[in-house]
Structure formats: C-alpha cells, structure tokens
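In what follows, a structure is listed as structure tokens, so that the remarks can point back to it.
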Amino acid sequence: MCGITGFIDYQKLVSETDLTNASSAIRHRGGSGNGHIFEKHEKYNLGLANERLATIDISSDGKQPFTSLCGNYTITFNGTIYNYLELRASLIKYGVTFKTLSDTEVLLECYKKWGQQLFDKIDGAFAFAIVDRKEKQLFLARDTMGVKPLYFYKDKNLFAFSSELKGILQYPIDKNTNLNALEKYLRHGYFLGDDTIFLNVFNFKKQHYFIIDLNSGNHLERKFENHPKGIIDMPNDEEQIIVKLNELVTESILKRNVADVNVGVMLSGGYDSATVAAVLQKNQAKKLKTFTLGFEDKTLNEAPHAKMIANFLNTNHTEYYIDNAGAIETLESLPYIFDEPMGDSGAIPLAFLVKKIADQEVKVLLGAEGGDELFAGYSSYKQAIFLHKKSAELPGFAHAC
C-alpha cells in the first residue's frame, strides 16, 4: 500500500506546500520514504507526490515519484504488477535498460512502449498517474476490480487526485457537502456510483483511464479491457472443471504473493481464507503468518475453528480478541479512516485487526474478499438456488408471468 496524490492547476493557486500537505495527509499509507515533484509551466503548474511502502525492491532505488532514464516520463504508483518479472524480461529483449528491480519502473516502461495498450500486458492491482512530457499529457488509471483506491476533484481550473479523500481536501477547493449523494447514502447505506460526500469529488472508476491534455485541460475518459492471458476456456466435464478451477485459484493466490517482505493472511476459519492460507503454506518453506480476530460471544467467535486450521497447516498463528472498549475505540477512528460515512459494521472488527497486525512487521496482508460472491457462500445464494429449483416445478404459464 502506497499513497499517491497530485494536481494540474491552470490558475497557479496550488502551492508546493499544498502538495506536500496532501502527501503528509496520507503518510500512514507509506513508511518507506516519500517524495514529490513540483513544476511551473507557462499555462499551468503540476505536481506529483508519493508515500511509499516498499514491498518490491525495497532499496531506495525504487523511490517515487520515479522518472524514466530519458526524463520524459514520471510516475507515482500504488499497487503491485504481478507479472512484472515476465514483462521486464520482454522489455529487455526490446532493448530497454532498467536502473532498478522495481515493478514501478516496469510499469513506466510498459507505458513508454505500449501507451494505452499496456493494459493488454499488465496483470495487477494498481492506481497510478504518469506525467508524459513527450505527449504533454497526464495519464491516470485504476485497476479492473478497483482494488486500489483513487479519488479526484475537477473544475475548469484544477484537477487533483489522491488515494484518499483527506489528501484531496488539502488542496484549495470548496469543501461543500454533496447533498444529493448524502440522501442516497441515507436511503441505501452506501454511496452510489462515483459519488462521494463532497461536491465535485469523485471515485475514479475501476477499469478506466484518464488522459488529460496539459495545455488545454481537456480530458478523455475510457474503459479498458484487461485480459493479459486472454479469455480462459473452461471444459464441460465436471471433473475437468474442478481440476481447472483448482489450477486457477492456486495461480491467483500465488501471484499475489509477489513481495520482498513478510506476507500474512487474515484467517477467519471459513473455506475462503483457509484456501488462501493452505495454498501459500504449501508453496513455501517458512511458516506463514496467519491472524484471527475472536469475539467473547461464542455464537460469533470463529477463532477456535481458525486455530484448528492454523494448527493443521502449521502456520505461525496469532489471535486477537476484541471487547466492547476496543470496538468503541475503533468506531471512533472510522471517520478518520474513511473520510465519509461508512454503513458497514464489519469495518469495526476489520480495522481493529489490521491495526494489531501492523505491529507485527507484516507489510503485505492477504484476505479472501470475494470468495463468498464467487462460490455462493452466503445463505442468500442458497435461498436463490432453492427458489430456482422450485420454479422449475411450476407449470409453463407461470414462467411467463
């Protein structure tokens, strides 16, 4: 996790101090160093900043913002490119020279080589911005699933972006409440679409990129396709499907274990997180660090089952328990963490656990989000399957209703 922020200002009202304040506001996302660039041009000023959490090439060579050897391109990047070693090897064959071992430099060289077509090549979770001095444009993008956060503010004179809303708020913008978005939040319990609690501040769409002309301020927004390995054909035979699914799940888990630092897993005791832990432990010699949150209420407590799984897998397991005092203290911290209303009570135990794990020198933490959605783990899916089967028993005319 890194923090990125930056701006293009056509009134030249944003100061270098505003930029560094925006970076400081998201400093908790880093810890391995920070940096910024601030440039004055005839028609505009621009800046990029980065709060780095080094997980690949942890040396100072990978510090950001990172500028290419030719000097025409500068990137600020949050995320991981899972296939960066393959891409690096391919680019070397094209004659590209690298000065670091980081995936940041590989991503920047992919942009230099393939431009907007780089999404056909890269596989990862990312949010990044590139100043392209050759084409005189700012290029921003967010990954296919929207794993990495990115927000932006836009009016006719200023474009600003940040990994968190608190970074955006450091720039000289009107901090007015988006009452329309708030009304929808109160109705649904979450913000719809790209809206945030603030007017003119938006969630950058997942699987999209922006190209902003530095001279005019005009911008192009496009959705990209991201299939670096092509569309996968699944077999029809059930046994072959199981084999193929096992291969895909294993590959998906292992490719996210790309790091030069300690990796841990949040182990809930369910099938999804147990699968992640099992695959990782099976494919490494040292003990995997696993973490579980327990509750005093035995009807909610999955910690004993998680411990059984950890013992079976022989992981280095740690349990934490949350009580009422811990829950209240964590609840009070949520406005700072999210910067806007959050209607998911699950954020309380998650924030509590992550804070505890942060003290264990684990920089990369894997979970199993999406497992229940992909494999119908929720009880509501069982109800839907039951109703679907029952509907097949209805007479034909009923299906037309």
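The values are calculated or read from the model by the stated rules, or taken from the named source; none is laboratory data. Just so it is clear, the structure is predicted and the values come from calculations on it, not from any experiment. Please note: Cβ atoms are built from the backbone with ideal geometry, for glycine as well, and neighbour counts cover all protein chains shown.
Residues that are under 30 Å from R133 (Cα atoms) number at least 2 in the following strands (runs of 3 or more DSSP E) confined to segment 204-312: 208-213, 219-223. Residues in segment 13-53 that are part of a helix (DSSP H, G or I) and polar (S, T, N, Q): T17, T20, N21, S23, S24. Identify all residues within segment 349-374 that are over 29 Å from R187 (Cα atoms), modelled with pLDDT under 85 and part of a loop (DSSP other than H, G, I, E, B); write none if there are none. E361, V362, K363, listed by residue number.
Condition (residue is touching a Lys or Arg at 6+ places or on another chain (Cβ under 6 Å), in contact (Cβ under 8 Å) with a residue 24 or more places away in the chain and assigned to a loop (DSSP other than H, G, I, E, B)) applied to segment 64-77: is it met by at least one residue? Within segment 64-77 (the criterion being touching a Lys or Arg at 6+ places or on another chain (Cβ under 6 Å), in contact (Cβ under 8 Å) with a residue 24 or more places away in the chain and assigned to a loop (DSSP other than H, G, I, E, B)), the answer is yes, since at least one residue qualifies. The single condition from (1) in contact (Cβ under 8 Å) with a residue 24 or more places away in the chain; (2) under 28 Å from the mean Cα position of the chain (by Cα) that N314 fails is (2). Determine which member of the set L85, L118, L69 is over 26 Å from Y44 (Cα atoms), surrounded by fewer than 21 Cβ atoms within 10 Å (Cβ to Cβ) and not assigned by TED's automatic domain parsing to the domain that holds N257. After applying the criteria, what remains is L85.
Take the conditions under 23 Å from L374 (Cβ atoms), surrounded by 13 or more Cβ atoms within 10 Å (Cβ to Cβ) and of a type in the set (S, T, N, Q) and apply them to N246. Does it pass? Spelling it out, it is not the case that N246 is under 23 Å from L374 (Cβ atoms), surrounded by 13 or more Cβ atoms within 10 Å (Cβ to Cβ) and of a type in the set (S, T, N, Q). Here is the figure for segment 274-311: residues that are in contact (Cβ under 8 Å) with a residue 12 or more places away in the chain and touching a strand residue (DSSP E or B) at 6+ places or on another chain (Cβ under 6 Å) total 12. Checked against (1) among the small types (G, A, S); (2) at pLDDT 95 or above; (3) assigned to a loop (DSSP other than H, G, I, E, B), G193 meets all criteria but (2). For segment 351-363, the set of residues classified as among the hydrophobic types (A, V, I, L, M, F, W, C) and loosely packed, with under 15 Cβ neighbours inside 10 Å consists of A358 only.
Exactly one residue out of I385, I337 is assigned to a helix (DSSP H, G or I) and surrounded by 15 or more Cβ atoms within 10 Å (Cβ to Cβ), and it is I337. For Y185, the conditions (1) over 29 Å from L69 (Cβ atoms); (2) surrounded by fewer than 20 Cβ atoms within 10 Å (Cβ to Cβ) all hold with the exception of (2). Taken over segment 214-233, residues that are free of Cβ contacts under 8 Å to residues at least 12 places away in the same chain and exposed (fewer than 11 other Cβ atoms within 10 Å of the Cβ) amount to 4. Output yes when any residue across segment 335-348 is modelled with pLDDT of 90 or more, charged (D, E, K, R) and not assigned by TED's automatic domain parsing to the domain that holds L182, and no when none is. Yes: one or more hits. Quick check on my filter: what residues within segment 279-311 are closer than 24 Å to G79 by Cα and of a type outside the set (D, E, K, R)? Once the filter is applied, which keeps residues that are closer than 24 Å to G79 by Cα and of a type outside the set (D, E, K, R), segment 279-311 yields V279, L280, Q281, N283, Q284, L288, T290, F291. Pairs meeting the criteria (first residue in segment 241-269 and farther than 18 Å from Q284 by Cβ, second residue β-branched (V, I, T) and surrounded by 15 or more Cβ atoms within 10 Å (Cβ to Cβ), beta carbons under 8 Å, at least 6 apart or on different chains) are S268/T292; G269/T292; G269/I309. Put simply, of E251, E239 the only residue that is more than 21 Å from the chain's Cα centre (by Cα) and at pLDDT below 95 is E239.
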